[in-house]
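The values are calculated or read from the model by the stated rules, or taken from the named source; none is laboratory data. Predicted, not measured: the structure shown is a model, and the values here were computed from it. Please note: Cβ atoms are built from the backbone with ideal geometry, for glycine as well, and neighbour counts cover all protein chains shown.
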Amino acid sequence: MFDQSQIQEFKEAFTIMDQNRDGFIDKEDLRDTFAALGRINVKNEELEAMVKEAPGPINFTVFLTMFGEKLKGTDPEETILHAFKVFDTEGKGFIKADFIKEKLMTQADRFSEEEVKQMFAAFPPDMSGNLDYRNLCYVITHGEEKD
């Protein structure tokens, strides 16, 4: 399912999230992880829902299995690329950030203002306000930016 370098990256992520170093990720570990990322007021219900996604206590094996299941549902890069190309009528490889924000917040499975901010924080538009969707598609499907 994963190659050795990916497993090592997941192990590092698991170790970071296992704040109390007991070999399991629980609600308090999640709360501490969110706090370390700057999100202080996470609701108990939200944390409980996350923990309940696992079939039992979240050790590294369960963590890895859960990520595998989540990633298995990711569309292939080409599919995501074609979805963005619909909005790139001139074939330039980018879309105006304001335009994509409006579409994300008003169509289908709508994004909230916060979700759009998170997306643009992770993948900011260029100085002209353009979103390079080809690199974004690569990041979505491969997890890191191309050079």
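List of remarks:
For every residue, the table says whether it meets (1) modelled with pLDDT under 90; (2) in a helix (DSSP H, G or I); (3) touching a Gly at 6+ places or on another chain (Cβ under 7 Å).
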{"position": "Glu48", "(1), (2), (3)": "no, yes, no"}
{"position": "Val51", "(1), (2), (3)": "no, yes, no"}
{"position": "Thr89", "(1), (2), (3)": "yes, no, no"}
{"position": "Asp98", "(1), (2), (3)": "no, yes, yes"}
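- Cβ pairs under 8 Å, 6+ apart, first in the range 6-19 and touching a residue at least 12 places away in the same chain (Cβ under 8 Å) and in a helix (DSSP H, G or I), second surrounded by 13 or more Cβ atoms within 10 Å (Cβ to Cβ) and of a type outside the set (A, V, I, L, M, F, W, C): Ile16/Thr33; Met17/Asp29; Met17/Thr33
- Within the range 112-133, tally of residues that are surrounded by fewer than 16 Cβ atoms within 10 Å (Cβ to Cβ) and not in a loop (DSSP other than H, G, I, E, B): 8
- Answer from Gly38, Gly56, Gly23 - the residue that is touching a residue at least 24 places away in the same chain (Cβ under 8 Å), exposed (fewer than 14 other Cβ atoms within 10 Å of the Cβ), assigned to a loop (DSSP other than H, G, I, E, B) and not hydrophobic (A, V, I, L, M, F, W, C): Gly23
- Within the range 66-86, restricting attention to residues that are of a type in the set (A, V, I, L, M, F, W, C) and surrounded by 10 or more Cβ atoms within 10 Å (Cβ to Cβ), the residue that is modelled with the lowest pLDDT is Leu71.
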